1. Out of all the residues in segment 183-226, which are of a type in the set (A, V, I, L, M, F, W, C) and in a helix (DSSP H, G or I)?
2. Quick check on segment 82-94. Is at least one of its residues of a type outside the set (Ser, Thr, Tyr) and under 17 Å from the mean Cα position of the chain (by Cα)?
3. Please determine whether any residue of segment 140-147 is buried (at least 17 other Cβ atoms within 10 Å of the Cβ) and touching a Ser or Thr at 6+ places or on another chain (Cβ under 9 Å).
4. Condition test on residue 114, is it out of contact with any His (no Cβ under 7 Å at 6 or more places or on another chain) and modelled with pLDDT under 95?
5. With the requirement that a residue be among the aliphatic types (A, V, I, L, M) and within 25 Å of residue 43 (Cα to Cα), what does segment 156-176 give you?
6. In this structure, is residue 143 on the phi < 0 side of the Ramachandran plot, in a helix (DSSP H, G or I) and touching a residue at least 12 places away in the same chain (Cβ under 8 Å)?
7. Here's a check for you: in segment 8-21, which residue that is of a type in the set (A, V, I, L, M) and in contact (Cβ under 8 Å) with a residue 40 or more places away in the chain is surrounded by the most Cβ atoms within 10 Å (Cβ to Cβ)?
8. What are the pairs, 6+ residues apart or on separate chains, where a residue within segment 93-114 that is in the same structural domain as residue 77 (by TED's automatic domain parsing) and more than 18 Å from residue 127 (Cα to Cα) has its Cβ under 7 Å from a residue that is of a type in the set (S, T, N, Q) and crowded, with 16+ Cβ neighbours inside 10 Å?
Amino acid sequence: MVTACGLSKAFGDVHAVRGIDLDIRPGEVYGFLGPNGAGKSTIMKMIYAMVRPDAGTLDVAGIDVIAEPRRAKARLGVVPQDNNLDPDLTVRQNLTVYARYYGIPKKIAHRRADELLEFMQLTEKRDVVIYDLSGGMQRRLVLIRGLINEPQVLILDEPTTGLDPQARQHVWQRIRSLKRRGLTILITTHYMDEAAHLCDRLSIMDRGRILVTGTPRDLIDSLPAAEVVEAHTDNPEQALRAGSHLGEGEQYGDGVYWFVAGGAIDLDPIVKAGVAQVARRPANLEDVFLQLTGRDLGE
């Protein structure tokens, strides 16, 4: 559904995307996971023809995005990072007016708007102005606005940034529902749990490059062990010595990590060394990123 080869983009001396390849299959949820500045949003903007690549090829649904950007845009639904809704319009009007950009007839636009409001449980808010919506409701409205043209590919750029846990769960449920309908969905995120919950496959990115691609489970299984002991302290060297019975630890910033096989694990020596923040947990996607880059997703 989306293919790219050698895709690159620079802004002055900043190389935002450095020669990436993509092969995104119809009907899958594909994620780009990485810290801010990794190049995730630039990739999305090239896919929906907001930014022109410096090099490489890029096709969406068999259409050359570089040669035929308007035709490619008609196949896409876009949910940007910002809630760029029109504050002068009601909830329903934000959908029907947006539909006109795609040349959708008024009658069809109204029908689709009502169906989408019901899908996102916003029907009761249809005549409300944007200022009277919560942040979570605004985000849900932006999401269904991206569906008004019945796209083949839906692009979600940081879809839940700034939302509370309940609102995030609501958006996740609707994304999973769209997947069950067979829609191809592209997501950028720096939330490892979001990537793990939603994505069939994902690429972990850093500094404009794709470091690794696979299913969330396969990427986690590539780690040296299934569990991690994680400690945070002002004295990482002391924590490393106190946890030497767990094996060789690895320091990233103020964090110390031991990859452990499971079974009985004694954390008392680390606690007695004055490390208050220490816990045992399952390995996750952030650990994959740490192993690949030596820094965490927040850096």
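1. Kept after step one, since they are of a type in the set (A, V, I, L, M, F, W, C), are these residues of segment 183-226: 183, 185-187, 192, 195-196, 198-199, 202, 204-205, 210-212, 219-220, 223, 225-226.
Across segment 183-226, the qualifying residues are 192, 195, 196, 198, 219, 220.
2. Step one: list which residues in segment 82-94 are of a type outside the set (Ser, Thr, Tyr), which gives 82-89, 91-94.
Subsequent filtering for residues that are under 17 Å from the mean Cα position of the chain (by Cα) retains 82-83.
There is at least one residue in segment 82-94 that is of a type outside the set (Ser, Thr, Tyr) and under 17 Å from the mean Cα position of the chain (by Cα).
3. We begin by selecting, within segment 140-147, every residue buried (at least 17 other Cβ atoms within 10 Å of the Cβ); these are 140-147.
Right, trim to touching a Ser or Thr at 6+ places or on another chain (Cβ under 9 Å) and you get none.
The answer is no, given that none of the residues of segment 140-147 is buried (at least 17 other Cβ atoms within 10 Å of the Cβ) and touching a Ser or Thr at 6+ places or on another chain (Cβ under 9 Å).
4. In short, no.
5. Step one: list which residues in segment 156-176 are among the aliphatic types (A, V, I, L, M), which gives 156, 163, 167, 171, 175.
Hits for segment 156-176 are 156, 163, 171, 175.
6. Numbers: on the phi < 0 side of the Ramachandran plot: yes; in a helix (DSSP H, G or I): yes; touching a residue at least 12 places away in the same chain (Cβ under 8 Å): yes.
Yes, satisfied.
7. Quick first cut of segment 8-21, residues of a type in the set (A, V, I, L, M) only: 10, 14, 16-17, 20.
Next, from what is left, pick out any that are in contact (Cβ under 8 Å) with a residue 40 or more places away in the chain: 10, 16-17, 20.
On the way: 10: 14, 16: 21, 17: 27, 20: 22.
Step by step, filter segment 8-21, then rank; the result is 17.
8. 102/149; 104/149
The values are calculated or read from the model by the stated rules, or taken from the named source; none is laboratory data. Keep in mind the model is a prediction, meaning the values are calculated, not measured. All Cβ positions, even for glycine, are placed from backbone atoms using ideal geometry, and neighbour counts span all protein chains on display.
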